[in-house]
Amino acid sequence: MNKLKNFTNPLFLIAYFLTLFVINFVDINLLKFDGFPMDNPYQLLLTLLTTLIFINSYNDQNLNLNLLFLTITLSTLLIGLNFYLNHKSEFTACYKTDFTTYSNLESSFVSPQECQFSYNNIGDPNITRKEKHINFYSVSENLGTGIEFTNWNLHFFNQTGFNFYDKNFYNFESDSSIKHWWGKDLDNSPFGPLTMSEFKAKRESKELEDFFGLGIVYIENEPSRSWLPFSVEFKGQKPTVYDQDLKVQYTGELVIYVDNKPYIFETEYRKIKTKTIFIPKNSNLKIDYKYRYSPVVGNHPGAPYAHLRILNDDMPAKLFNKSLTLNDDLLSAILFFSILISFYLSLITRESFKPILLAIVIYYFCNEFIPERVQGLILFTSFLVIIMKFYDKEKSTFFHIYFFSFLTTILTTRINNFNFVKYTYGGGDALKYESWAQEIIIQKSLRAGEDIFFYMPGYRYLISLLRVFVGDSHNSISVLYSFLVIVLLYLIFSNRKAFNNNLFFKSIFVVSIYVIMFSFSVKSNVLESYSEWPTWIIFLLFIHFINKNEKNNFLLILPFLLVLFRQNQLIGAIFLVALLIQNKKSHFTISVSAASLLIFFFPFLHNFYYGGKFTFYKDPFESGAYYITPIELLKHLFFIDKSDSVKFHIDFLFANQFNQFVRELGGPVLLSLLNIYLLMFVIIVIVKIYKKSFDLNFVLQCLMVSGFLLVHLIYQVHTYYPRHIIIGYLALIYVTLSNFAEIYSEKNKILFSKNESIDDSNIT
């Protein structure tokens, strides 16, 4: 009842929603918050923690705290509104790909809008996004590095129309008909684009010369995704405030219009060039920028990628006036710390400030002084020590989740130091998923890139929905993943029914899962935007809810969600349903049945509507996914034929550290952990057989683990290792530890009953 009262408390609701407004619709310069969507990882984390406090505030005695929360939020709102109303003090940016050639692969997609697409500005097709400063540069000291090491954050290059890669590596032929920008004619004007052979012929006939002055690799190959050309037009939204010379740093081609008067800068691609320009006060500003250099795959010119900065005393110039009377940074600091204080007051109710201060100290110490590889161990050890010391389910929930998420954010964000956007690899699945997610928004259609699903259907819709809230940022997706994993681990740890409430086995489980879910190879797969990570979250949900007393009808939806995201998990999902029914933790209701059928039949309906075929999948036995046929597998198993490909698969499936490729992709820590649990699983099976406790429940558990793992004897496993088999090992770890905990509990019961009978006999 207290929960209900608090949720209906208008002051509490107002405080919550006003806080979300301040976080997501106000410019907080101190943290580089730039409003909605939540493309800043810390902005997203703050929103998630706010929501967590809202959901978990169940004590009706906190009315005074809620009033304080409301008061602080309202006070910051006055500052926030000032920022919000003056939000136009910036440039609008229209990014174009009219100088970028397109891939000729089937089903390649490029946004048809004149201005390229961005999730950060879905509502206006006439601009891509808004920029506060003209400050785009390479953050790498190596001038030969490409777009990945810049802060341009051009998410639209994750469209299949820009799917270029070295096809020779895959024993395919590159498309030599794709054109590049190579040269200029005798009148010194750009000439192109041309294919490599066309450029060679014109250069030999002296019709044109090198346009960029860079060493060009004369091979018939496709463009490099690291050096994709583009153009952009910046328009100022207010008159300028400067009346002085400003420094302009650039590579490429640049024209700055001051009150429609063009200032043409000399073309430069070999190095970063610095010029000055006088910007009079109250002038209107427009900037046209082009970067047309388009080298082939494998060509590293030793020159910078696109670079454009307008500086005032080596700092990004704030070119436009704001009506704020105080210093912007001061107002930002007041705004942020007011909200932060309110969080602290919510988090530490009836608790000490010391844990929070400890979290902050550890955060800054590790972030500044400790190498990243060492950080993970220190941070997680710190968490374990504190959770053991302060563990109290009723009073410390906020603190544990806050502390853990605060520290884990470091591990997430530092994997991608250079920009929020990850440029996915050419030829990879991630690029296709990201491209199809954009198509859903741009075309306002559920077709999502395919008439009949060939790739996994579910992830493209999920990532499209998530990006509406987090924008173009891959880092924010990683933070969301981290936060969900952390919360679920805490819930499992605090679940009194999990692992027979044995603190030792619960701790071992949390540590093991943490090591797996935050290993470098797994984090890389999440950051890259591959489709498996939602299934890991779903399985952790299953572990939490299956250990509760009450029946959870929605649990039966989870296996269908697994199949929607990954069809190779079908066999494991079937035994998961059987396990749920056997444990009677769930039962079919009308609503559950309807939801499950809707999830299952969605691919059928999609494929029938767009492709004319009532089928779940285009070709379930496509040779690109199944590298080994069942016949080849049987021949190998019965020693009829020894197949190197089968051994190759088995090495990856069972984490063979003696295989160099497995060791390099997985890393020694992750592989060692998997090896340990494989051995423990074999031991628990032997123990169960010996004790004759091999019951139906355990059989279904073993079949579930086998269903998730053994399908990869024929299905691809080595590509982007270990993403395909993570869910199988999550299941294996859970089954192994839960059965060890059960045996340990039974042993203690037997000892207890024996001691009890001895005591009774003594009394007699």
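The values are calculated or read from the model by the stated rules, or taken from the named source; none is laboratory data. Worth saying up front: this structure is predicted, and the values here are computed from it rather than measured. Reconstructed Cβ throughout: ideal geometry from the backbone, glycine too, with neighbour counts over all protein chains shown.
Within region 263-294, the only residue that satisfies the criterion of being loosely packed, with under 12 Cβ neighbours inside 10 Å and either more than 25 Å from Y305 (Cβ to Cβ) or touching a helix residue (DSSP H, G or I) at 6+ places or on another chain (Cβ under 8 Å) (or both) is K281.
Only one of the listed residues (I743, I689, I727) is assigned to a helix (DSSP H, G or I) and free of Cβ contacts under 8 Å to residues at least 12 places away in the same chain. That residue is I689.
Can you confirm whether I590 is under 22 Å from N739 (Cα atoms) and either crowded, with 20+ Cβ neighbours inside 10 Å or not hydroxyl-bearing (S, T, Y) (or both)? Lay out the reasoning, then the answer.
On the way: under 22 Å from N739 (Cα atoms): no; either crowded, with 20+ Cβ neighbours inside 10 Å or not hydroxyl-bearing (S, T, Y) (or both): yes.
Answer is no for this residue.
Considered as a group, the residues in region 80-114 that are part of a loop (DSSP other than H, G, I, E, B) and more than 24 Å from L194 (Cα to Cα) include one that is modelled with the highest pLDDT, and that residue is Q113. Taken over region 593-618, the residue count meeting the criterion of being over 19 Å from R460 (Cα atoms), in contact with a helix residue (DSSP H, G or I) (Cβ under 6 Å, 6 or more places away or on another chain) and hydroxyl-bearing (S, T, Y) is 1.
Regarding region 698-706, can at least one residue be identified that is assigned to a loop (DSSP other than H, G, I, E, B), touching a residue at least 60 places away in the same chain (Cβ under 8 Å) and within 27 Å of the chain's Cα centre (by Cα)? It would help to see each step written out before you state the result.
Of region 698-706, the ones assigned to a loop (DSSP other than H, G, I, E, B) are none.
No, there is no match, as no residue in region 698-706 is assigned to a loop (DSSP other than H, G, I, E, B), touching a residue at least 60 places away in the same chain (Cβ under 8 Å) and within 27 Å of the chain's Cα centre (by Cα).
If the condition is being under 19 Å from I508 (Cβ atoms) and either in contact with a Gly (Cβ under 7 Å, 6 or more places away or on another chain) or surrounded by 21 or more Cβ atoms within 10 Å (Cβ to Cβ) (or both), then region 685-727 contributes Q701, V705, I726. When G161, G146, G213 are checked against the criterion of being of a type outside the set (V, I, T) and modelled with pLDDT under 75, a single residue qualifies: G213.
Any idea which of V485, V522, V511, V563 is touching a Lys or Arg at 6+ places or on another chain (Cβ under 9 Å), part of a helix (DSSP H, G or I) and of a type in the set (A, V, I, L, M)? Can you show your working first?
Numbers: V485 fails: touching a Lys or Arg at 6+ places or on another chain (Cβ under 9 Å); V511 fails: touching a Lys or Arg at 6+ places or on another chain (Cβ under 9 Å); V563 fails: touching a Lys or Arg at 6+ places or on another chain (Cβ under 9 Å).
Unique residue meeting the criteria: V522.
When the residues of region 266-278 are filtered to those that are of a type in the set (A, V, I, L, M, F, W, C) and under 41 Å from the mean Cα position of the chain (by Cα), which remaining residue is nearest to I256 (Cα to Cα)? If you could, list the steps in order and put the result at the bottom.
Here is the first cut: in region 266-278, the residues of a type in the set (A, V, I, L, M, F, W, C) are 272, 277-278.
Restricting the remaining residues to those that are under 41 Å from the mean Cα position of the chain (by Cα) gives 272, 277.
Values: I272: 17, I277: 9 Å.
Filtering first and then ranking leaves I277.
Of the residues screened, E253 is one that is assigned by TED's automatic domain parsing to the domain that holds E198 and not in a loop (DSSP other than H, G, I, E, B). Pairing each residue of region 97-120 that is among the aliphatic types (A, V, I, L, M) with any residue that is surrounded by 21 or more Cβ atoms within 10 Å (Cβ to Cβ), provided the two are 6+ apart or on different chains, yields C-beta distances under 6 Å for L105/N163; V110/Q159.
Residue-wise test of (1) surrounded by 15 or more Cβ atoms within 10 Å (Cβ to Cβ); (2) modelled with pLDDT of 75 or more; (3) outside the structural domain of S224 (by TED's automatic domain parsing).
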| residue | (1), (2), (3) |
| --- | --- |
| H180 | yes, yes, no |
| L186 | no, no, no |
| M196 | yes, yes, no |
| A201 | no, yes, no |
| E204 | no, yes, no |
